[in-house]
Amino acid sequence: MEDLQREIADAATFTDDLPFDPATVGVDGPVEADSTGNERLGTSDAPVIVGVDQAFLDERAVSAIVAIQDGAVIERTHAVTPLSIPYIPGLLAFREGGPILAAFEELSVDPDLAVFDGSGRIHFRQAGIATHVGVALDLPSIGVAKSLLCGTPAEPVDDRPAGWSTPIEADDSVEAPAGTTIGHAYQSRQWDRAQSINPLYVSPGHRVSASTTVDLVDALCAGYKLPEPTRLADRYADDVKAASE
């Protein structure tokens, strides 16, 4: 499995190869979960961005995808599939990648970018879930994780203001030249009080550079800690899980 991850990392492109101008990406405010842009589908030049997240039910994965365009939800789809292997640190994609691909098979729109709840290049072998699926589908992808899997922040990350970021650099835990920027810590939101919100850890999955990853996540956050695509996918995954229990 580790050798396959190295092959996936070698196949990944950690530079910008996007079918849209990143400057055109943005949301004006929180996207309503029940909004619909279907009447505009096919008439807008705005990129279709999908958020991907999962919930778990017994030995099954609920893989949810929410597609947004022009600040509205244009499609929601999911797959409920069995989990074939246990959780093994660093090998998460082998447990969850197949179920996510099953959900993509149900998607009718063609996404321009996928935003994953998980890591991309911030991974021991530079092949997190966003890289696995991005390479498998040859789809531009980014990972947005709530905790740091590996690597070292260039600066301390505690108590930073909203909009702040710092590179995550490869160290001895990462199979990359020391000092390589494999992602960023990004402070999407911060309380105006003593309690502090932790940063997100954003990294390229495939066909996106580390710096553009930060720009895209910044453009997709709309008042919440998480970017809108994964925030909506998280909610949808929980809804599907509740309906399946």
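The values are calculated or read from the model by the stated rules, or taken from the named source; none is laboratory data. Nothing here was measured: the structure is a model prediction, and the numbers come from that model. All Cβ positions, even for glycine, are placed from backbone atoms using ideal geometry, and neighbour counts span all protein chains on display.
Please verify whether the range 166-180 includes one or more residues that are outside any loop (DSSP other than H, G, I, E, B), at pLDDT 95 or above, closer than 21 Å to residue 109 by Cα and over 14 Å from the mean Cα position of the chain (by Cα). Taking every residue of the range 166-180 in turn, none turns out to be outside any loop (DSSP other than H, G, I, E, B), at pLDDT 95 or above, closer than 21 Å to residue 109 by Cα and over 14 Å from the mean Cα position of the chain (by Cα). Within the range 115-134, none of the residues are surrounded by fewer than 17 Cβ atoms within 10 Å (Cβ to Cβ), in a loop (DSSP other than H, G, I, E, B) and at pLDDT 95 or above.
Restricting the range 44-70 to residues that are of a type in the set (Gly, Ala, Ser) and not in a loop (DSSP other than H, G, I, E, B), the residue that is nearest to residue 95 (Cα to Cα) is 61.
Among residues belonging to the range 189-232 that are at pLDDT 95 or above and hydroxyl-bearing (Ser, Thr, Tyr), point out the one that is surrounded by the fewest Cβ atoms within 10 Å (Cβ to Cβ). Taking the candidates together, the pick is 211.
From the residues in the range 152-165 that are part of a loop (DSSP other than H, G, I, E, B) and buried (at least 18 other Cβ atoms within 10 Å of the Cβ), which one is nearest to the chain's Cα centre (by Cα)?
The first filter runs over the range 152-165 and keeps only residues part of a loop (DSSP other than H, G, I, E, B), leaving 154-164.
Keeping just the survivors that are buried (at least 18 other Cβ atoms within 10 Å of the Cβ) gives 157, 160.
On the way: 157: 20, 160: 22 Å.
This residue is 157.
Within this structure, residue 84 fails the test of being in a loop (DSSP other than H, G, I, E, B), farther than 28 Å from residue 121 by Cβ and among the hydroxyl-bearing types (Ser, Thr, Tyr). Within the range 31-60, the set of residues being at pLDDT below 95 and in contact with a helix residue (DSSP H, G or I) (Cβ under 7 Å, 6 or more places away or on another chain) comprises 31, 33, 46, 57.
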